[in-house]
Amino acid sequence: MARRQRVRTGREGAVPGIIVNAALLYLANVWPGWSIVPFLTPSTSQVMGAVNAAWIAGLVANAVYLVAGMPLLRALGEIVVLIFGIVAAFRIWDVFPFDFSGSSFDWALVARILLVIGIAGSFIGIIAQIVALGRAAAGLGKRS
């Protein structure tokens, strides 16, 4: 019996992506709010615009993928979302709204390392999505 090959539509993960981004927006901005997190300082308000923009970009992109899951559109959307994430990460690096003074462990260093990993990973992700974009564009050219 022949196995059916699953055709990728570009819609995979769209619903969970929408749910996660909506939940993060709600939890950080409505209830309980970012201010309840003990290691975040009042300067967190200075980064929330960039962080919210990144979450909104992810939510909108996933909503678009759900409606039109074309690989070309998905690659473009992922590039945009990654750029928003990089901007947010650099803003967090710049403001660094964390207070780990009550700990003997150097959590500030860990946070900085994680930010660097996230930024580097996002740049790698952009390169991967540019490749995916090129492949998708080449695939579109073959169909016409």
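Exactly one condition in (1) of a type in the set (S, T, N, Q); (2) farther than 20 Å from G85 by Cα; (3) assigned to a helix (DSSP H, G or I) is false for Q129; which is it?
(2)
Does E12 meet the test of being modelled with pLDDT of 95 or more, within 30 Å of A136 (Cβ to Cβ), surrounded by 13 or more Cβ atoms within 10 Å (Cβ to Cβ) and not basic (K, R)? Quick ask: steps written out before the conclusion?
Values: modelled with pLDDT of 95 or more: no; within 30 Å of A136 (Cβ to Cβ): yes; surrounded by 13 or more Cβ atoms within 10 Å (Cβ to Cβ): yes; not basic (K, R): yes.
For E12, the condition - modelled with pLDDT of 95 or more, within 30 Å of A136 (Cβ to Cβ), surrounded by 13 or more Cβ atoms within 10 Å (Cβ to Cβ) and not basic (K, R) - is not met.
Which residue out of L73, L66 is open to solvent by 50 Å² or more (accessible area, probe 1.4 Å) and under 18 Å from A132 (Cα atoms)? Give the derivation first.
Values: L66 fails: under 18 Å from A132 (Cα atoms).
None of the other options fit; the residue is L73.
Only one of (1) in a loop (DSSP other than H, G, I, E, B); (2) over 26 Å from I18 (Cβ atoms); (3) open to solvent by less than 80 Å² (accessible area, probe 1.4 Å); (4) of a type outside the set (V, I, T) fails for A111. Which number is that?
Result: A111 fails condition (1) only.
Please indicate, with yes or no, whether at least one residue in segment 117-136 is farther than 22 Å from G13 by Cα and without any contact (Cβ under 8 Å) to a residue 12 or more places away in the chain.
yes
From A120, A138, which residue is open to solvent by 40 Å² or more (accessible area, probe 1.4 Å), on the phi < 0 side of the Ramachandran plot and more than 18 Å from the chain's Cα centre (by Cα)? Steps first, please.
Details: A120 fails: more than 18 Å from the chain's Cα centre (by Cα).
The match here is A138.
Can you tell me which residues in segment 24-61 are in a helix (DSSP H, G or I), open to solvent by less than 30 Å² (accessible area, probe 1.4 Å) and modelled with pLDDT under 95?
Answer for segment 24-61, where residues must be in a helix (DSSP H, G or I), open to solvent by less than 30 Å² (accessible area, probe 1.4 Å) and modelled with pLDDT under 95: there is none.
The values are calculated or read from the model by the stated rules, or taken from the named source; none is laboratory data. None of the values given here were measured: they were computed from a predicted structure. Using ideal geometry, Cβ is built from the backbone for each residue, glycine included, and neighbour counts are taken over all protein chains shown. Calculation scope for accessible area: heavy atoms of the full protein, side chains included, ligands and nucleic acids excluded. Shrake-Rupley method; radii C 1.70, N 1.55, O 1.52, S 1.80 Å.
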